[in-house]
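Chemist: What follows is a single structure, and I will ask about it in a moment.
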Amino acid sequence: MTESVKKLKEWVDTAQRIVFFGGAGVSTESGIPDFRSTGGLYHQEWAYPPEVILSHSFYKSNPEEFFRFYRAKMLAPAAEPNDAHRKLAEWEARGILSAVVTQNIDGLHQAAGSQRVYELHGSVHRNYCEKCRKFYGLDFILHGQGVPRCACGGVVKPDVVLYEEGLDQGTINGAVRAIAAADLLIIGGTSLNVYPAAGLINYYRGGRLALINKSAVARDLDAGLVITDPIGEVFAQL
């Protein structure tokens, strides 16, 4: 165990209101590709860049191509929680973790047992009819073909935040309250490139801030700890 991980363990052992703010790097160790890393979705060949395909306007104008990409690249039903997901769920059960704030849409935190999860960008496990608002699970989208439609005839849209769409205000409010009340904020698996999600950490007022990420982040942080080891490997030692 490195000195940095030892220090993080000491912080965790004396904390009462931990909040974890995580991004794609938390899920890459479960086999889910990262959009921006080398070999990730942004480096693969499609007729349009992924950020175009995953926009609200593209979803409306070319739904067939949107869902072809979405099924092929955004869904990972075989993925399992890793050590980071499991440790966070364990901390919540112990009563020392207040919340997980995640930019991921894969539902792996809940699969590991976490209850208080603020999904800033939605979830692939929730899908709703744009006409009658009926909800559908992941399998309805995964095993369908073409544009998924409800029995009423409406298009069934994934409950995920696309480019050009705003975040859910209730989710933001809950995440802000949790971050503002935390006595330890751990940021993991994110380069803090995506706004407004990355801006939520500005609400942290505590004195202990830890960053666990393989690469440099996109903004200056007054982090008392910076660890560049794989996040699952780090959490397995805590």
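The values are calculated or read from the model by the stated rules, or taken from the named source; none is laboratory data. Please read these numbers as outputs of a predicted model, since none were measured by experiment. Cβ atoms come from the backbone with ideal geometry, glycine included; neighbour counts cover every protein chain shown. Remember, those area values only see protein heavy atoms, side chains included, never the ligands or the DNA or RNA. Shrake-Rupley method; radii C 1.70, N 1.55, O 1.52, S 1.80 Å.
Chemist: Which of Glu119, Glu65, Glu80 moves the most in a Gaussian network model of the chain with Cα springs under 10 Å?
Modeler: Its mean-square fluctuation being the largest, the pick is Glu65.
Chemist: Averaging sequence separations of C-alpha pairs under 8 Å and six or more residues apart, then dividing by the length of the chain, give the relative contact order as a whole percent.
Modeler: Dividing the mean separation by the residue count of the chain yields 25 percent.
Chemist: Leaving out ligands, DNA and RNA but keeping every protein chain, what accessible area does His143 have, in Å² rounded to the nearest 10, with a 1.4 Å probe?
Modeler: Near enough 140 Å² of accessible area.
Chemist: Turning to a different aspect of this structure: Tell me the net charge near Arg94. Cut-off is 11 Å between Cβ atoms, Arg94 excluded, with +1 for each Lys or Arg and -1 for each Asp or Glu.
Modeler: Around Arg94, the surrounding residues sum to -2.
Chemist: I need the trypsin sites (Lys or Arg not before Pro) found in region 85-190, filtered to DSSP loop residues with at most 10 other beta carbons within 10 Å of theirs.
Modeler: Arg133
Chemist: Quick check: with the 1.4 Å probe, what order do Lys157, Lys214 take by accessible area, largest first?
Modeler: Lys214, Lys157
Chemist: Now for a different question. Using modelled amide H (1.01 Å from N, peptide plane; none on Pro or chain starts), what sits under 5 Å from the amide H of Phe21, excluding residues fewer than 5 places away?
Modeler: Close amide H contacts, sequence-distant or interchain: Val101, Ile186, Ile187, Gly188.
Chemist: Would you mind calculating the relative contact order of region 148-208 from Cα pairs under 8 angstrom and at least 6 residues apart, reporting the percent as a whole number?
Modeler: 32 percent
Chemist: Could you run the Karplus curve 6.51 cos²θ - 1.76 cosθ + 1.60 with θ = phi - 60° over region 165-176 and give me ³J(HN,Hα) per residue in whole Hz, x for Gly and Pro?
Modeler: Once θ is set to phi - 60°, the couplings for region 165-176 become 9, x, 6, 5, 5, x, 5, 4, 4, x, 5, 5 Hz.
Chemist: I'd like the Karplus ³J(HN,Hα) series for region 199-213: coefficients 6.51, -1.76, 1.60, θ = phi - 60°, whole numbers in Hz, and an x wherever there's a Gly or Pro.
Modeler: Residue by residue, region 199-213 yields x, 5, 5, 5, 7, 6, 10, x, x, 10, 10, 10, 10, 10, 7 Hz.
Chemist: On to the next question. Give the label of the value calculated from the structure for semi-axes √(5λ) of the Cα gyration tensor in Å, choosing from (1) 44, 16, 15; (2) 32, 18, 16; (3) 36, 19, 16.
Modeler: Only one option fits the structure, namely (2).
Chemist: Follow-up. If amide H atoms are built 1.01 Å from N in the plane of the peptide, which residues on other chains or at least 5 residues away come under 5 Å of the amide H of Lys134?
Modeler: Those lying under 5 Å, H to H, from Lys134 are Cys129.
Chemist: While we're looking at this one, here's another question. Output wanted: per-residue J couplings in Hz (rounded whole) for region 60-69, from phi through Karplus 6.51 cos²θ - 1.76 cosθ + 1.60, θ = phi - 60°, x for Gly and Pro.
Modeler: Rounded to whole hertz, the list is 6, 8, 9, x, 4, 5, 4, 6, 5, 5.
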